[in-house]
Amino acid sequence: MKVVKKYSHLNGEEFLLVHHKGLYREILEVINSVDAHKFKTKISKEKGRKEGQSLWNPVEINADFKKLFYKKGWEERRRDFYVSTDPKIVQMLEPMTFEEQKKYMTSTNEEKLYSFNQTDFVKNKVAVEVQLGKYFAVTYDLFVKHLSFFNGGFIDIGIEIVPMKSMQQNMSSGPPWFEKEVHNVLRHGRGVPPVPLLILGVSP
């Protein structure tokens, strides 16, 4: 596969080139190593498509990305946290470690409810998500997951790998596409979400 287009949010790509040039090279090497043509194996049964049409299989492509990233030492990362509906408490909790949050919540009358976020690939505070499945997952990654890990000090930048529209048209209904996801970020203004990001649009 290859990177067709890029969108750098809050100088995300510039940050990589200055501070993590080697990791950026690894990410591009992984993308270039995925032979998507091997994974045009899903037979369409959807209305509006030719019967028996071959589509890109996102599950198989994701598995190949996972194998290649793990081979280069990238790992999953999980962040546990307590939740609250009180804005003041949320602001208090966000910069704390999980143990500090637990101690703080024990000292309050708040119900102790907790959850977690998990990122596919993290290395040296650089996070990568490959999203070839449902479109809503990208919005969650960009506006919730990457931001949570960034605010918690776990990462310095989030990277999102999504298909170009030209690829998405030959996938099952529902996957995200680069042009729309960049539009969704731009419509919020220059500073939202407040985390450096790099969105990479890929194609076979």
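General remarks:
- Helix 58-71 axis, angle to the chain major axis (alpha carbon atoms, nearest 10°): 60
- As a rough guide to protection, the peptides 23-36, 137-150 ranked by mean Cβ packing within 10 Å, highest first, stand as 137-150, 23-36.
- Length available on full extension from His188 to Gln169: 0.36 nm per residue minus the Cα-Cα distance, which gives 4.2 nm.
- Cleavage-rule hits (chymotrypsin sites (Phe, Trp or Tyr not before Pro)) in segment 69-100: DSSP loop, at most 16 neighbouring Cβ within 10 angstrom: none
- Candidate values (1) 141; (2) 133; (3) 111 were compared with volume of the Cα convex hull per residue in Å³ computed on the shown model; the agreeing label is (2).
- Note on segment 128-147 and segment 67-83: Cα centroid distance 14 Å, given to the nearest whole angstrom.
- Against the main long axis of the alpha-carbon atoms of the chain, helix 21-33 sits at an angle near 40°.
- Each helix, a run of at least 4 DSSP H residues, gives -39500 (n - 2.57); summed and divided by the residues of the chain, these come to -10000 deg cm²/dmol at 222 nm.
- Listed by chain and number, the lysines whose C-alpha is less than 30 Å from the C-alpha of Lys88, apart from same-chain residues fewer than 8 away, are Lys102, Lys103, Lys112, Lys125, Lys145.
A short reminder: the numbers here are calculations on the coordinates, not readings from a lab. Owing to the predicted nature of the structure, the values given are computational and were not obtained by experimental measurement. With ideal geometry, Cβ positions are generated from the backbone for all residues, glycine too; neighbour counts draw on all protein chains shown.
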